[in-house]
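Worksheet: one structure, shown below.
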Amino acid sequence: MTEKGLLIVLSGPSGVGKGTVRKAIFESEGTDFEYSISMTTRQMRKGEVEGVDYFFRTREEFEALIESGQMLEYAEYAGNYYGTPLTYVNETLEQGKDVFLEIEVQGAMKVKEKVPDGVFIFLTPPDLIELKSRIVGRGTDELSVIEERMRIAVSEIEMMSHYDYAVVNDEVANAVSRIKEIINSEHLRVDRVIHRYIKMIKEL
């Protein structure tokens, strides 16, 4: 019987570097995760491939999936839906593959409702001064926007208690190493492997 994979959810406040860390994880050696493919209602762009870049669906199809509880999480941007389809995630996990999802805090809480046995990792800044420096360093936002981002970031950090692990993103390489260690350890948890041994005992 194939061992079920892990759903790994990486989350954290805006500006903490989730995308950078996720990219570095997938570029590092020994990474064997499936990156969760999102679903969208926007038009397919030239060069994009169904089931590789996105799952492309009509608005009616997407809303039907929402109504039937088949979206792990979703949001609407610029008139189009984007989200994570539950069926794809479950089928990939059943094949024994780990699924990696990088997502905002509110989305992560929705995912936890549907997949409570996932591994939820909260990426944190070294401190709030450093976080503000990173947000300011983008150089694209006005002061009022920066202050609003910081207010939201603080409220998101207060959600940390809902996660399994907190990883400080002081250096990207360090954060990558810590996250991979967490995932390796999770595969060795007794509650994830004991069924194999119970089956062996019954077959004796």
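Filter the stretch 157-188 for residues that are more than 18 Å from D32 (Cβ to Cβ) and of a type outside the set (A, V, I, L, M) and give the result.
Taking the stretch 157-188 as the starting set, the residues that turn out to be more than 18 Å from D32 (Cβ to Cβ) are 157-175.
Listed by number, the residues that qualify are E158, S161, H162, Y163, D164, Y165, N169, D170, E171, N174.
For the stretch 168-204, how many residues meet the condition of being touching a strand residue (DSSP E or B) at 6+ places or on another chain (Cβ under 9 Å), β-branched (V, I, T) and assigned to a helix (DSSP H, G or I)?
Qualifying residue count for the region: 3.
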Study note, to complete from the structure: Flagged pairs (Cβ under 8 angstrom, 6 or more apart or on separate chains; first in the stretch 1-28, farther than 30 Å from M200 by Cα; second assigned to a loop (DSSP other than H, G, I, E, B) and small (G, A, S)) are V9/G118; K18/G12
Practice item. Return the pairs, sorted by first residue and then second, in which the second residue is open to solvent by 20 Å² or more (accessible area, probe 1.4 Å) and of a type in the set (F, W, Y), the first residue lies in the stretch 99-122 and is more than 24 Å from R151 (Cα to Cα), the beta carbons are less than 6 Å apart, and the residues are 6+ apart or on different chains. Key: F100/F33; F100/Y35
Exercise for review: Among residues belonging to the stretch 16-42 that are in contact with a Ser or Thr (Cβ under 9 Å, 6 or more places away or on another chain), modelled with pLDDT of 90 or more and under 12 Å from V176 (Cα atoms), point out the one that is least open to solvent (accessible area, probe 1.4 Å).
Suggested key: I25
**Study point:** Boolean, E63 is at pLDDT 85 or above, open to solvent by 30 Å² or more (accessible area, probe 1.4 Å) and under 21 Å from I182 (Cα atoms)
**Key:** no
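Pick from G5, G69: which is part of a loop (DSSP other than H, G, I, E, B) and farther than 30 Å from L188 by Cβ? First the steps, then the outcome.
Values: G5 fails: farther than 30 Å from L188 by Cβ.
The match here is G69.
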Check your understanding: Residue check: is E29 under 13 Å from the mean Cα position of the chain (by Cα) and not in a helix (DSSP H, G or I)?
Key -> no
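The values are calculated or read from the model by the stated rules, or taken from the named source; none is laboratory data. Being a predicted model, the structure only gives us computed values, none of them experimental. Note that each Cβ is placed from the backbone with ideal geometry, even for glycine, and that neighbours are counted across all protein chains shown. Just so you know, the surface numbers come from the protein's heavy atoms only, side chains and all, with ligands and any DNA or RNA stripped out. Shrake-Rupley method; radii C 1.70, N 1.55, O 1.52, S 1.80 Å.
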